[in-house]
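Written out below as structure tokens is the structure these notes cover.
The values are calculated or read from the model by the stated rules, or taken from the named source; none is laboratory data. Not measured: the values here are computed from a predicted model. Ideal geometry is used to build each Cβ from the backbone, glycine not excepted, and the neighbour counts take in all protein chains shown.
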Amino acid sequence: MKIFRVLSLLVFPVLPSALFASLASDLRIEEAARNCYSLRVVLSDQGPMTISALNGVVALTGTVRDLQSKVLAGETIAHLRGVARVDNGLIVLGQPLEFSDGWINHAIRRRLLVQANVRANSTGIAVDDGVVTLTGTSASQSQKEQTGFYAASIDRVRSVKNNLVVDDSGTSRPSPADNVDDASINTLVKHALSAHRLGLGNDTSIRTRDGMVMISGMVDSAQEKEDITALAREIRGVRTVVNNMRVRA
């Protein structure tokens with residue numbers, strides 16, 4: 001699709017400027033989608049995906065391992081500038097049996113890729129009958145403990161053997177998520193709140209700009225508002241959270 005567009009520009013150099021602008025916008029959308037953290041890193045273990053844009057409508061095809069991945073990909077792209085609609089044609093194939101060791105491994109890996117202040121790419125994960133063994137390095141004792149906490153929080157994990165070695169020399173590779181785009185942050189915050197059943201009423205709005213997450217809507221209590229703020233702050237790439245949610249009377 002992209003090659004065809006480039007050739008079209010060469011063959012028809014006198015196309016209207018509006019058409020040139022539309023083609024350029026579509027190419028920017030495709031490039032931005034491929035570079036989204038959610039697709040590039042969080043969903044890197046999925047099947048091949050094809051992204052094509054035409055007049056702001058993005059067609060997403062390929063395969064993923066679970067429905068959550070399909071939704072995550074589509075919603076992330078929908079938040080990109082210039083996208084009018086996403087036709088999500090991803091097919092779910094090879095989904096691991098829920099709560100199996102493979103399912104647990106996949107869930108832990110995704111959790112570490114999403115959470116801030118842990119090293120997903122230097123953490124090895126092995127699961128045997130619900131018992132999780134973590135290997136690799138962490139930057140501090142607190143990071144090691146936080147990684148173990150995230151692993152233990154996944155459903156059906158029986159226990160966690162935290163064999164991470166603390167390496168505070170600064171030589172360990174950083175996580176691949178130091179630079180997370182706003183579209184990915186916005187979608188990951190939404191999914192995190194949904195997973196914890198927090199603050200996702202019909203009136204809830206989540207917007208992200210330059211790593212600043214702005215949340216508005218209604219909550220049932222001041223504690224729920226605080227929990228939402230704390231949860232959003234834990235998402236990788238979030239710089240600050242402005243929570244303007246109001247407590248119902």
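Brief remarks on what is shown
- Scanning the range 226-239 for residues that are of a type outside the set (Lys, Arg) and either closer than 21 Å to Leu39 by Cβ or touching a helix residue (DSSP H, G or I) at 6+ places or on another chain (Cβ under 8 Å) (or both) yields a count of 7.
- Flag if Val83 is out of contact with any Asp or Glu (no Cβ under 8 Å at 6 or more places or on another chain), farther than 28 Å from Leu164 by Cα, of a type in the set (Val, Ile, Thr) and modelled with pLDDT of 95 or more: yes
One line per residue, one yes/no per condition, for (1) surrounded by 22 or more Cβ atoms within 10 Å (Cβ to Cβ); (2) within 24 Å of Val213 (Cα to Cα); (3) in the same structural domain as Ser69 (by TED's automatic domain parsing); (4) in contact with a Pro (Cβ under 7 Å, 6 or more places away or on another chain):
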| residue | (1), (2), (3), (4) |
| --- | --- |
| Leu113 | yes, yes, no, no |
| Ile125 | no, no, no, no |
| Asp129 | no, no, no, no |
| Thr133 | no, no, no, no |
| Lys144 | yes, no, no, no |
| Val157 | no, no, no, no |
| Asn162 | no, no, no, no |
| Ala192 | no, yes, no, no |
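- Residue check, Arg5 in a helix (DSSP H, G or I), in contact with a helix residue (DSSP H, G or I) (Cβ under 6 Å, 6 or more places away or on another chain), among the charged types (D, E, K, R) and at pLDDT below 85: yes
- For Gly102, the requirement of being over 13 Å from the mean Cα position of the chain (by Cα) and within 30 Å of Thr63 (Cβ to Cβ) is met.
- Filter result (modelled with pLDDT under 95 and of a type in the set (S, T, N, Q)) within the range 123-140: Thr123, Thr137, Ser138, Ser140
- Glu98, sole failed condition from (1) in a loop (DSSP other than H, G, I, E, B); (2) surrounded by 14 or more Cβ atoms within 10 Å (Cβ to Cβ); (3) among the charged types (D, E, K, R): (2)
- For the range 72-89, the criterion of a residue being surrounded by fewer than 18 Cβ atoms within 10 Å (Cβ to Cβ) and in contact with a Phe, Trp or Tyr (Cβ under 7 Å, 6 or more places away or on another chain) is satisfied by no position.
- Count of residues meeting criterion [within 13 Å of Arg110 (Cα to Cα) and either at pLDDT 95 or above or not acidic (Asp, Glu) (or both)] in the range 26-51: 9
- Which numbered condition Ala139 misses (of (1) in the same structural domain as Gln115 (by TED's automatic domain parsing); (2) more than 26 Å from Asn105 (Cβ to Cβ)): (2)
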